[in-house]
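This report concerns only the one structure given below.
The values are calculated or read from the model by the stated rules, or taken from the named source; none is laboratory data. Given the structure is predicted, the values throughout are model-derived calculations rather than measurements. Heads up, the Cβs are rebuilt from the backbone with ideal geometry, glycines too, and the neighbour counts pull from every protein chain shown.
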Amino acid sequence: MEIEKLEKICRLIRYLILASTTEAKSGHPTSSLSAVELMSVLFFGGILKYDLENKNHPNNDRVIFSKGHASPLYYSLFSAAGKITKDELMAMRKFGSPLEGHPTDRFHFTEVATGSLGQGLSAGLGMALNAKYLDKFLYRTYVLLGDSEMAEGSVWEAAGLASHYKLDNLIAVLDVNRLGQRGETMYGHNLTTYEEKFKAFGWETIIVKNGHDLQEIISAYIHALTVKGKPIVIIAKTIKGKGVPLLEDKDGWHGKALSQEQFNLALNDLGKIDFEIIGEISKPDFLDQNFSTITPQGDFISYKKGETAYTRKSYGQALVKIYPEFPELVVLDAEVSNSTYAETFKKAYPERFFEMFIAEQNMVGVALGLSKRGKIPFVSSFSAFLTRAFDQIRMSQYSNANIKFVGSHCGVSIGEDGSSQMGLEDLAMFRSILNSVVLYPADAVATEKLVKEMAKHFGISYLRTTRKETEIIYDNNEEFKIGGSKVLRQSENDSVTVVSAGATLYEALLAYEELKKDGINIRVIDLYSVKPLDAETLKKASEETKAIITVEDHYPVGGIGEAVAGFFSKNKIPVHSLCVNKIPMSGKPEELLDFEEISKIFIIKKVKEIYSVK
C-alpha cells in the first residue's frame, strides 16, 4: 500500500480513538494512540490475511490484543475497514454495546477476551500450535503486547513454550511506550533489555527504533514473515499519546478521556481527516482441511465390582476410548502426565498431546486458544496447582470457551505428600465460574462415563480424580449424566441422608453398614455432579428424611456442603456439613480423614446425634 494512504488511515484511526473515548467519557486513548502505526500497517499494509466477510475462514490470520485496554484502537481498525459504523463506534462502552471497555466475544471479530494483562500471548500460542501441528493451516497469529504486561510471568511461560515448539507462525508485537498506569514501566524505553530477554527464550527479535515510522514498520513485518523455525517479536519504541501534543509521553493520562474542549484542540493537531477512506485487508488463500481417518479402539468399559482402580488412570483410558468419536480432542498436561495418567492418551495419540511443562497459567491460555479454533482441550494437573491459573480460567468464560479441566491428587486423602499438594479449594474455584460443570466421580466406571459426558458438553467443566485406588461400586452399564446423582443405599425408614462424593463416599458407605447393625437406616447419595445439582433427588431425600449430612474432602467454603445448603436455603432444611476444617499435615489417608473428622467414625457420630433428637 502507498505510504500516503497509510498515513491518511492512521490519521482517521487517531480521530476515531479520540472521538469514541471522548463520547464515552472514559477509556484508554493514550495506550491506543501509541500503537496506531504498528496495527495500521498490519491490517492495511498487505501483511494481515483476513476475509472480513467470513470470520470463520479457516485460514484467516488471527489478531489478539493482549493489551486489551487498547480496545479503542482495536475497534477503530475495524471501523476504518468499514465493518463498524460511526454510530456503533460512538456507542463504545455504553450499556448494550458489543464494543465493551475491553474486548469480549460480544464483538464479532474478537478472537479471545482480553484485559487481564499477560494472557494474550498464551492464547495466541494455542492458535499457533493448532495451525502448525493440528490443522496444518498457513495462518499466522499476531499478538499485540504492552510493555507493562511484560512483568507478568505468564508472558514468559508462553515465550519459553513457543520457542520449544518452534512456532514461526506466531508474531508478537511489543508496544514499548514507556508509561504504565502510574508512571514509567520497569525498563522504560530500553529496547535492548526486552530484546535480550526474548533472545534468551529463543525468539527472533526485530527492533523498530521508531514505532511511528511506517516504512520501518513495514520492513519489520516483511522480515518477520521470512523467519523459519522460531517465534518472532517486533519490539517497537513508541510514544504514549502519539499525535496529540497534550498527551504525548505525559504521565497521568492512562485510562483518561479528553474533555470536549480538549478533543476540539486535538483535532487541530491531527490535521485534515479523510472520512471517506476505507482500509482494505488482504484475503487469505483457501486451504482445504485434511481429515485423517481414526480407527475406533472400542468404547467399552470392563471393570468388576469389588475390585479397585484409580479414577485418575481411568481418566487417561477414557480419553483414548472416546477420541475416535471426538476427533477434535487434544490433551494438555503440566509435566505430571504420569500421575494424572494423561500419558495414556499421549502414548496412543502423541500428535494430539502437548506437554505444557510446569506452567499452569500458560497451559490454560493455550487451551483457550485451541478451544477458539474448534478443538476440545482436556487440561490436567494436580488440582492444587490449577488454582494458580484461576485468572486464566475465569477469563476464559468471557471467550465462551470449551475447556475440560481435570484435577488429580485432591483433598487430604492423598496422604503423606502434605498440605502443599492437597487440592482443597478446587471445587469452590470451579463452582464460581458461571455456567460451569463440576464433577467428582467415586470409581473408575463413573470416571470413564463422565469424561465422555464432558467431551459432549460445550463449556467449562471440571472433573476431580482421587489419588488412591477406589473400589468399583458401579456396573459397567451404569449411566451417568451431568446434573445427576446416584442413591446407593435407601429404605422406607431412613432417618438421615448422607450426601457425599469421591473419596468420602466410601466412608459414608462404611458408616451405613455400621449404623445398620445398630438399627439405624441412612440414605447414601453419590453427588457426583456437584454442579449442577440433582435437585429432584435432593428434594425427595429432604422430604423423606429428617436431615441432610454432607461429607467432603474439601474446605467448607464453596464445596459440596455449601452447594447443598444453598439449594435448601429457602426450604429451611437442616444441612450438617462435615469437611476439612483444620490445616492438614502429612500422614496416612485414614489418619487424615479421622483428623479432619470426615471419616466413617464422625459420620456415625453425627447421624446418632441427629437420630437421638426427637
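Details
- Residue in the stretch 256-274 that is surrounded by the most Cβ atoms within 10 Å (Cβ to Cβ), counting only those that are out of contact with any helix residue (DSSP H, G or I) (no Cβ under 7 Å at 6 or more places or on another chain) and assigned to a loop (DSSP other than H, G, I, E, B): LYS256
- Every residue from the stretch 231-266 that is among the acidic types (Asp, Glu) and on the phi > 0 side of the Ramachandran plot: ASP249
- Among (1) touching a Pro at 6+ places or on another chain (Cβ under 9 Å); (2) touching a residue at least 24 places away in the same chain (Cβ under 8 Å); (3) farther than 30 Å from LYS132 by Cβ - the single one MET90 does not satisfy: (1)
- Whichever residue in the stretch 1-39 is in contact (Cβ under 8 Å) with a residue 60 or more places away in the chain and among the polar types (S, T, N, Q) and, among such residues, is surrounded by the most Cβ atoms within 10 Å (Cβ to Cβ): SER34
- The one condition in (1) acidic (Asp, Glu); (2) without any contact (Cβ under 8 Å) to a residue 24 or more places away in the chain; (3) in contact with a strand residue (DSSP E or B) (Cβ under 8 Å, 6 or more places away or on another chain) that ASP249 fails to fulfil: (2)
- Filtered residue count, the stretch 151-186, keeping only those that are among the hydrophobic types (A, V, I, L, M, F, W, C) and not in a helix (DSSP H, G or I): 9
- Check on PHE43, in the same structural domain as GLY211 (by TED's automatic domain parsing), under 27 Å from MET150 (Cβ atoms) and either touching an Asp or Glu at 6+ places or on another chain (Cβ under 6 Å) or modelled with pLDDT of 95 or more (or both): yes
- Top-ranked residue in the stretch 44-78 [being in a helix (DSSP H, G or I) and among the polar types (S, T, N, Q); ranked as farthest from ALA19 (Cα to Cα)]: SER71
- Number of positions in the stretch 472-482 that are touching a strand residue (DSSP E or B) at 6+ places or on another chain (Cβ under 9 Å) and either within 20 Å of MET429 (Cβ to Cβ) or surrounded by 15 or more Cβ atoms within 10 Å (Cβ to Cβ) (or both): 5
- Scanning the stretch 193-203 turns up no residue that is more than 30 Å from MET363 (Cβ to Cβ) and assigned by TED's automatic domain parsing to the domain that holds LEU129.
- Only one of LEU89, LEU117, LEU42, LEU121 that is buried (at least 19 other Cβ atoms within 10 Å of the Cβ) and closer than 24 Å to ASP213 by Cα: LEU42
- Among the residues making up the stretch 405-438, those that are hydrophobic (A, V, I, L, M, F, W, C) and farther than 22 Å from GLY365 by Cα are CYS410, VAL412, ILE414, MET422, LEU424.
- Checking each residue in the stretch 93-142 for being of a type in the set (A, V, I, L, M) and more than 20 Å from ASP391 (Cβ to Cβ) picks out LEU99, ALA128, LEU129, ALA131, LEU134, LEU138.
- Restricting the search to strands (runs of 3 or more DSSP E) fully inside the stretch 340-447 and requiring at least 2 residues that are under 30 Å from LEU509 (Cβ atoms), touching a strand residue (DSSP E or B) at 6+ places or on another chain (Cβ under 7 Å) and touching a residue at least 40 places away in the same chain (Cβ under 8 Å) gives 376-382, 404-408, 437-439.
- Among (1) within 26 Å of LYS546 (Cβ to Cβ); (2) outside the structural domain of GLY423 (by TED's automatic domain parsing) - the single one GLU478 does not satisfy: (1)
- Criterion violated by ILE9 - all others in (1) within 32 Å of the chain's Cα centre (by Cα); (2) over 26 Å from ARG182 (Cβ atoms) satisfied: (1)
- Of the residues GLN215, GLN119, the single one that is farther than 30 Å from ASN56 by Cα and modelled with pLDDT of 95 or more is GLN215.
- Residues of the stretch 21-56 that turn out to be within 19 Å of LEU138 (Cα to Cα) and in contact with a Lys or Arg (Cβ under 8 Å, 6 or more places away or on another chain), as a count: 4
- The set of residues in the stretch 580-614 that are among the polar types (S, T, N, Q) and under 37 Å from the mean Cα position of the chain (by Cα) comprises ASN581, SER586, SER599.
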